[in-house]
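Notes for the one structure printed next.
None of the figures in this text is laboratory data; all of them are computed from the coordinates on show. Only a predicted model underlies this, so the values are computations on that prediction, with no experimental measurement involved. Neighbour counts run over all protein chains shown; Cβ positions are idealised from the backbone, glycine included.
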Amino acid sequence: MIQHCHESDRTGVDANLDALGDSLRQQIGVRKYSLWFQDNAHIEIVEAEVFVTAQSKYAADWIDRHFRGELVEVARAVLGEHAAVTIRTQSSLASLARVGSIDPTATGETRAPCEPPSSRQSKLAAPRKTSGCGDDAGHGWKRFEDFLAGPPNRLAFESARQIAECDDDPTKLLFLHGSCGVGKTHLLQSICRKFRERHPMAKVRYATGEQFTNDFIAAIRENNIEQFRRRTRRLELLVIDDVHFLGNKTATQSECLHTIDAIGFHGGRMVLASDGHPRQIAKFSAALVSRFLSGMVVKVDDADRATRLALARQFAIRRGLALPPAAIETLVDRTGTSIREIEGAVMTVAALHSLGGMEMGNGQILVERALGRTTVSHAGRPVRVMEILHAVCTTTGVERDDLVGVSRHRRIVTARGLAAHLAREMTTLSFPEIAKALGRSSHSTVHAAANRYRSMIDQSQLVEARSDHLTAADLSERTRREVLRTRI
């Protein structure tokens, strides 16, 4: 993605960016350009210097190894023979903005040797704001339109959209929580983007808990805490991701508490996200938890299988991959419930395809080659029933003694059925052997339990998990992943 920096001669910069992008696309091909520069990096031009900012160190290293020559060539063709190219990561740029560092070895920058070091330092001494840190233009923020809202996360999606779009909504504080990779960050950035679109002059800030903490500490050290408070407490919208980072940081928690009160007093809005419910965040003050609970608290659940399939299909299309349904299903089967993991898997498949090592041909073969043919080969030994029982206890919240005991509580009976179902699918044991492991005297009861759970899967029944409700199929898949995870 090419972004325009705010220079005095905007027309000239735009023309140079367009020329550079066109030349690079011709040099490396449309597919590789789309994969590595349109989806995973953005390009800026400052004077005679080209900055390529990648989303991750992996992407930066790949671009450096495979496309540095082409970047230098097109930079010189467009900007002149003394043009410079710097490849860096988004995280290193954020670090530059916080501490004012200009040491490329400390920030992970790689640079084409087209210009003397002194010139580079003079340009980096005044770092520019980047998305995700400060009251910025929000370049790179996600959109609501790209969020696939399925039944498990529909409430979270509508709550996020409401706080961004409805000016008369009485809800001024929204707290989203859920496991990693379920789309919390996507919703937070979408809130910021939509709010900024509706209120172009509004003061909006999106930050992680770590950024908020670092900025607060820096303000104390530099003796400008009042400036920090004026800048933060007068926002119309403050969004903090990974707010659990503030755990065990007493002073920062106190500052966050007063910031919530100040923004609320002036009619502003706050949105926060964490991996856990406010009551489950370790070492948080009772006062801060109380403030979190005073707003709307919504869980972002794991995407169900239908949503994951749709997401995988969507990610593949964005990268120019026409994968058949069977290949999409295989890709989802090779990943967990995390949306990030699915996107990463699609990226891996696209990267293999972009290398030209094999034609698209059979998409199933491409996916299997990129991700591996099986998910159970890591441990090098058969799955044991004890491992399945441990995973069932983890995902359902049922105690081991209850699982192998005589209780007929509905939740426990369902957990036993799940264990029998997975033991039959993931092991080579007979029903009598599974019955013995489950503490049952007759294998017919285990056979019936496995069939009963299979029927629940076929009927898409909702069942109770440890902290939420899932379809029987999704609980089975989550438990299967837990078995495999503990074996790797």
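Okay, here's what the table says:
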{"quantity": "Boolean, Ala316 is crowded, with 20+ Cβ neighbours inside 10 Å and either within 26 Å of Leu148 (Cα to Cα) or small (Gly, Ala, Ser) (or both)", "calculated": "yes"}
{"quantity": "Members of the stretch 268-280 that are part of a helix (DSSP H, G or I) and surrounded by 16 or more Cβ atoms within 10 Å (Cβ to Cβ)", "calculated": "Pro278"}
{"quantity": "Residue that is nearest to the chain's Cα centre (by Cα) [pool: residues in the stretch 224-267 that are crowded, with 21+ Cβ neighbours inside 10 Å and charged (D, E, K, R)]", "calculated": "Asp241"}
{"quantity": "Any chance Arg416 is in contact with a Gly (Cβ under 7 Å, 6 or more places away or on another chain), closer than 28 Å to Ala306 by Cβ and in contact (Cβ under 8 Å) with a residue 12 or more places away in the chain", "calculated": "no"}
{"quantity": "Number of the condition not met by Ala286 [criteria: (1) free of Cβ contacts under 8 Å to residues at least 12 places away in the same chain; (2) touching a strand residue (DSSP E or B) at 6+ places or on another chain (Cβ under 9 Å); (3) of a type in the set (Gly, Ala, Ser)]", "calculated": "(2)"}
{"quantity": "Matching residues in the stretch 455-477 - criterion: being assigned to a helix (DSSP H, G or I) and of a type in the set (D, E, K, R)", "calculated": "Asp458, Asp474, Glu477"}
{"quantity": "Selection from the stretch 240-251 of residues that are under 25 Å from Ala160 (Cβ atoms) and in a helix (DSSP H, G or I)", "calculated": "Val243, His244, Phe245, Leu246"}
{"quantity": "Positions within the stretch 447-479 being free of Cβ contacts under 8 Å to residues at least 60 places away in the same chain and not hydrophobic (A, V, I, L, M, F, W, C), in sequence order", "calculated": "His447, Asn451, Arg452, Tyr453, Arg454, Ser455, Asp458, Gln459, Ser460, Gln461, His469, Ser476"}
{"quantity": "Within the stretch 170-239, helices (runs of 4 or more DSSP H) holding 3 or more residues that are in contact (Cβ under 8 Å) with a residue 12 or more places away in the chain and among the hydrophobic types (A, V, I, L, M, F, W, C)", "calculated": "184-198, 209-221"}
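Every residue, every condition in (1) hydrophobic (A, V, I, L, M, F, W, C); (2) assigned to a helix (DSSP H, G or I); (3) over 38 Å from the mean Cα position of the chain (by Cα), yes or no:
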| site | (1), (2), (3) |
| --- | --- |
| Asp402 | no, yes, no |
| Ser407 | no, no, yes |
| Thr428 | no, no, no |
| Gly439 | no, no, yes |
| Thr445 | no, yes, yes |
| Ala448 | yes, yes, yes |
| Tyr453 | no, yes, no |
| Thr479 | no, yes, no |
